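Visitor: Have a look at this one.
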Amino acid sequence: MNKKETKISKEIRINKKSARRNYSNQTGITLIALVVTIVVLLILAGVSINAIFSENGIIKRAKDAQNKMDQATQNDLDSINELNNWIDGKINGSSGGNDNLPTSDLPSVANETIPYYPDTTFTKLEGTNLDNGLVIQDESGNEYVWIEVPKSLYAESSYNTKTTTADQKPTKSTDYDKIEYCLHKYTDYYRNGTSFTDTYYSDATTGLTSAQYTTLKQKMLKSVYENGGFWIGRYEAGITTNRTARGDATVAPLSKAGEVEAPVYPYTYVTCSQAQTLANMKTTENYTSSLMFGVQWDLVLKHIETKIGSSNLTTSNGKNILTQDSSSWGNYCNASFTINRGKYADSRTHSLSTTWTPYNQTTSNTFVNSSSVKQTQSLGNGILLTTGASDACKKMNIYDLAGNVWEWTLEYTATTNVPCALRGGYYGIRGFECPDSYRNLDATTNSHNSIGFRSSLFK
């Protein structure tokens with residue numbers, strides 16, 4: 001090999017070594033970068049996992065968002081259901097109104113009776129309870145008494161079974177026929193085989209269409225079933241200006257005691273249709289005000305019986321004070337009792353005086369003596385009292401259920417010319433002729449100074 005070739009070979013070897021060194025250097029840099037990349041990726045992965053799965057991660061926030069959306073959806077559905085229920089109540093006569101009114105200070109019996117305030121304007125009258133007659137009062141001083149109808153009665157075979165039909169026990173508040181059947185059996189003693197029924201008879205008679213009558217009755221039955229009772233006026237319906245003749249009746253009725261200084265006269269000279277229209281004036285979105293149905297009147301009598309005891313219903317001559325002779329606790333012509341407040345008007349041979357005398361007069365006459373004691377009168381004579389005038393004429397805090405004036409009801413007599421039903425008797429008749437349970441019949445157009453009414457309240 002010559003000198004020139006040796007030099008070239010040496011340069012080639014030197015270049016190969018340099019190339020190997022450069023390759024090694026390039027490989028080392030790549031591995032470091034890879035390691036760094038992997039570390040960065042691991043860090044990023046950790047951050048990502050934490051962002052996704054941690055307490056405040058994406059998944060948790062997504063779940064929270066889903067839950068909030070689900071709750072919002074449910075709230076919307078609840079609102080829609082509430083609206084539907086309200087609409088149903090208005091159309092179909094379900095309870096409606098505010099079912100969450102305060103009742104905490106009203107006594108109740110578990111699973112039996114649940115008194116309620118018709119609305120927030122009512123308060124409990126001190127000293128009254130379920131044993132002596134629970135009374136509530138609205139902001140205008142109108143008073144109402146709770147009538148118990150035990151919820152347990154529907155489960156008793158003596159009340160819920162027909163001989164020709166299977167078990168009549170209602171299972172829901174819309175089993176209207178079954179509820180009514182049970183109530184009729186429960187008050188059978190006071191119905192006493194009557195042919196009178198709570199059925200529609202004419203617009204002119206009740207002031208209601210057939211559909212309105214049915215809806216009203218169903219609403220009443222539903223409320224009684226759900227709440228174990230209902231409210232009635234403590235007093236006969238009243239008015240501050242004495243009515244002396246038939247005519248329009250547009251002033252809303254009162255349910256309060258008449259005093260000498262502020263007399264409340266019985267709301268008389270009204271037909272059955274007028275009485276129902278007047279009673280309905282008190283209706284609000286929370287409760288319904290109406291004349292009593294026949295079954296409600298019977299339930300009042302059953303309530304009195306239950307509370308005061310059967311033994312206290314019998315007089316010394318063996319007669320029942322609710323069904324045979326109510327002279328001992330009602331304003332009848334043959335009754336004598338002390339007048340405690342208000343005024344009275346004399347009636348001779350069915351002709352009522354237009355003069356009203358304060359109860360505490362000092363001059364004795366043939367009707368009331370100087371000690372404010374009403375005197376016994378012959379048939380057709382007597383006195384008409386302002387509302388709640390005598391404490392002797394009450395039971396379970398209910399005044400004048402017996403005597404004073406007849407009271408219109410929504411019961412039907414099935415007698416064409418006299419289809420309207422009256423209850424309770426009046427001041428010009430004797431208590432053994434028309435005791436409290438007695439049913440009288442009258443014409444749709446009749447109105448008189450001896451006929452008034454009383455309101456009931458229910459959800």
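FYI, it's all coordinate maths here, none of it is from the lab. Nothing here was measured: the structure is a model prediction, and the numbers come from that model. FYI the Cβ positions are ideal-geometry reconstructions off the backbone, even for glycines, and counts take in every protein chain you see.
Visitor: Excluding Glu156 itself, calculate the net charge of residues whose Cβ lies under 14 Å from the Cβ of Glu156, where each Lys or Arg counts +1 and each Asp or Glu counts -1. Don't skip to the answer; put the middle values down first.
Guide: Numbers: positive: Lys151, Lys162, Lys169, Lys178, Lys185, Lys302; negative: Glu112, Asp167, Asp188.
Within the 14 Å Cβ shell, the charges total +3.
Visitor: Another one. Going by average Cβ neighbours within 10 Å, how do the peptides 244-255, 342-353 rank, with the highest at the top? It would help to have the intermediate numbers written out before the result.
Guide: Working: 244-255: 15.8, 342-353: 18.1.
Taking the mean over residues of other Cβ atoms within 10 Å, the ranking is 342-353, 244-255.
Visitor: Tell me whether region 283-363 comes out rounded, prolate or oblate; compute the Cα gyration tensor, take square roots of the eigenvalues as a ≥ b ≥ c, and use a/c under 1.5 as the rounded threshold.
Guide: Values: a/c = 2.19, a/b = 1.22, b/c = 1.80.
Oblate.
Visitor: Using amide H atoms built 1.01 Å from N in the peptide plane, name the residues 5+ places from Ser290, or on other chains, whose amide H lies under 5 Å from its own.
Guide: Here the answer is Ser456, since their amide H atoms fall under 5 Å of that of Ser290.
Visitor: So for each of 404-417, 363-376 I average, over its residues, the number of other beta carbons within 10 Å; can you give me the resulting order with the highest mean first? Don't skip to the end; give the middle numbers.
Guide: Details: 404-417: 21.9, 363-376: 14.6.
For the peptides 404-417, 363-376, the packing ranking is 404-417, 363-376.
Visitor: Around Gly452, which amide H atoms from residues at least 5 apart in sequence, or from another chain, sit under 5 Å from its own amide H, with H modelled in the peptide plane?
Guide: For Gly452, whose amide H was placed from the backbone, the distant partners under 5 Å are Trp406, Glu407, Trp408.
Visitor: Across region 425-433, in residue order, what do the Karplus-derived ³J(HN,Hα) couplings come to in whole Hz, using 6.51 cos²θ - 1.76 cosθ + 1.60 with θ = phi - 60° and x for Gly and Pro?
Guide: Per residue, the Karplus-derived 3J(HN,Hα) values read x, 8, 5, x, 10, 8, x, 8, 7 Hz.
Visitor: Neighbouring Cβ atoms within 10 Å as the yardstick, rank Glu285, Glu261 fewest first.
Guide: Values: Glu285 12, Glu261 7.
Ordered by Cβ neighbours within 10 Å, fewest first: Glu261, Glu285.
Visitor: From the phi angles alone, apply the Karplus equation (6.51, -1.76, 1.60; θ = phi - 60°) to region 223-234 and give each ³J(HN,Hα) in whole Hz, x where the residue is Gly or Pro.
Guide: Ordered by residue, 3J(HN,Hα) equals 5, 4, 5, 6, 10, x, x, 7, 10, 10, x, 5 Hz.
Visitor: So, one more: Starting with the highest mean, order 430-441, 289-300, 209-220 by the number of other Cβ atoms within 10 Å, averaged over the residues of each peptide. Spell out each step's value before the answer.
Guide: On the way: 430-441: 20.8, 289-300: 25.3, 209-220: 18.0.
Packing proxy ranking, top to bottom: 289-300, 430-441, 209-220.
Visitor: Classify region 123-458 from the C-alpha gyration tensor, please: rounded if a/c falls under 1.5, else prolate or oblate depending on whether a/b exceeds b/c. Please list the in-between numbers first.
Guide: Numbers: a/c = 1.62, a/b = 1.46, b/c = 1.11.
It comes out prolate by the Cα gyration axes.
Visitor: Continuing with the same structure: Given a cut-off of 32 Å, name the pairs among Lys395/Lys459; Lys282/Lys394; Lys124/Lys151; Lys169/Lys256; Lys282/Lys319 whose C-alpha atoms lie farther apart than that in the structure shown. Kindly include the intermediate steps, with their values, before the conclusion.
Guide: Numbers: Lys395/Lys459 24 Å; Lys282/Lys394 24 Å; Lys124/Lys151 23 Å; Lys169/Lys256 38 Å; Lys282/Lys319 38 Å.
As for pairs spanning more than 32 Å Cα to Cα, those are Lys169/Lys256; Lys282/Lys319.
Visitor: Quick one: in region 253-316, what % of C-alpha pairs are over 17 Å apart? All intermediate terms of the calculation are to be shown ahead of the outcome.
Guide: Values: 1281 of 2016 pairs.
Counting pairs separated by more than 17 Å, the tail of P(r) holds 64 percent.
Visitor: Cα centroids of region 358-381 and region 389-428: how far apart, whole angstrom?
Guide: So the separation of the two Cα centres works out to 23 Å.
Visitor: Under 5 Å between amide hydrogens, which residues at least 5 positions from Glu411 or on another chain qualify, with H placed 1.01 Å from N in the peptide plane?
Guide: Gly294, Ala421
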